[in-house]
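**Student:** Have a look at this one.
Bear in mind these aren't lab numbers, they're just calculated from the coordinates by the rules spelled out. Since the structure is predicted, the reported quantities are computational estimates derived from the model, not experimental observations. Glycine gets a Cβ as well: all are built from the backbone with ideal geometry, and neighbour counts include every protein chain shown.
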Amino acid sequence: MSLGDKFLLAGIIGGFAYLAHKNRELNIERNKRMSTVVRFDNGISESRFRELAFYSAKQIKKKRLSISFNGPIVYGTVQSQTGLSSWDFVVDFNDYGKITGNYWLSSENDDSNIPSTFANYLSSYIIDELNSQNKDDIIADWFMKNE
C-alpha cells in the first residue's frame with residue numbers, strides 16, 4: 001500500500017468517524033427537542049392548531065388525505081386514487097416546547113409532495129397567526145402607554 005493510499009484510507013475513515021459523530025449529535029438534539037413538553041400558550045391554542053391543520057388538509061386538492069393528532073404532531077394518511085393502497089406521513093411541530101411554524105417531516109413516500117405541501121400550508125398559517133397576534137399586542141401596548 002502506497003503512502004497516497006494510506007492517506008486516502010485515513011481520510012475515508014476520518015470522514016466516516018465525522019459523519020457518525022454528527023449523526024449522534026443530531027439524534028441527541030432531536031431527542032432533546034421531542035422530549036420538551038409542548039405548551040400551547042404562545043398564541044396558538046391546541047384547538048386553533050387543529051383548525052389550521054384541517055384547513056391545510058383541505059387545500060390539498062383531489063387527494064384523499066386524512067389527519068389525526070397527538071398534541072403538536074400531525075399524522076397523515078394518503079389514499080391512492082384507486083383507494084386500494086395508502087401511505088403515511090408525520091409532521092412534528094414541536095419546536096422545543098413551542099408552536100412556531102417550524103416542523104420536522106417524515107414520510108413513507110419520498111416521491112410525493114403532499115406531506116411537504118401540507119406542512120408548508122400549516123406552517124405558513126401558524127406563522128401568519130402568530131404575526132397577527134404580535135401586531136395586535138404591539139398596538140395594544142402602544143395604546144396602553146399613550147392613554
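**Student:** Whose amide H sits under 5 Å from the amide H of residue 95, counting only residues 5 or more places off or on another chain, with H placed in the peptide plane?
**Tutor:** Long-range HN contacts for residue 95: 100.
**Student:** Let me ask you something else. Along Cα→Cβ, 7 Å out, is where each label goes; now give me the distance between the ones at residue 105 and residue 70 in nm to one decimal.
**Tutor:** 2.1 nm
**Student:** Which net charge results when you count Lys and Arg as +1 and Asp and Glu as -1 among the other residues whose beta-carbon is under 14 Å from that of residue 56?
**Tutor:** +2
**Student:** So what is the relative contact order for region 46-145, in percent, with contacts set as C-alpha pairs under 8 Å and at least six apart?
**Tutor:** 21 percent
**Student:** For region 90-96, what does the Karplus curve 6.51 cos²θ - 1.76 cosθ + 1.60, with θ = phi - 60°, yield as ³J(HN,Hα) per residue in whole Hz, taken in order and with x for Gly and Pro?
**Tutor:** 10, 10, 9, 9, 6, 9, 6
**Student:** Using only the Cα atoms, what convex hull volume per residue in Å³ does region 46-145 have?
**Tutor:** Per residue, the Cα convex hull of region 46-145 comes to 99 Å³.
**Student:** Please list 3J(HN,Hα) in residue order for region 98-110, calculated via the Karplus relation 6.51 cos²θ - 1.76 cosθ + 1.60 where θ = phi - 60°; whole Hz, with x for glycine and proline.
**Tutor:** The phi angles translate into 10, 9, 10, x, 6, 8, 10, 10, 9, 8, 6, 10, 6 Hz.
**Student:** Here's something else I'd like to know. Let's test the formula: R0 of 30 Å, r as the Cβ-Cβ distance of residue 39 and residue 112. What FRET efficiency results, to the nearest 0.05?
**Tutor:** Computed FRET efficiency for residue 39 and residue 112: 0.40.
**Student:** If you don't mind, there's one more thing I want to ask. Which stretch or stretches of region 97-117 have amide N atoms under 16 Å from the point lying 7 Å from residue 77's Cα along the Cα→Cβ direction?
**Tutor:** It comes to 108-109, nothing else.
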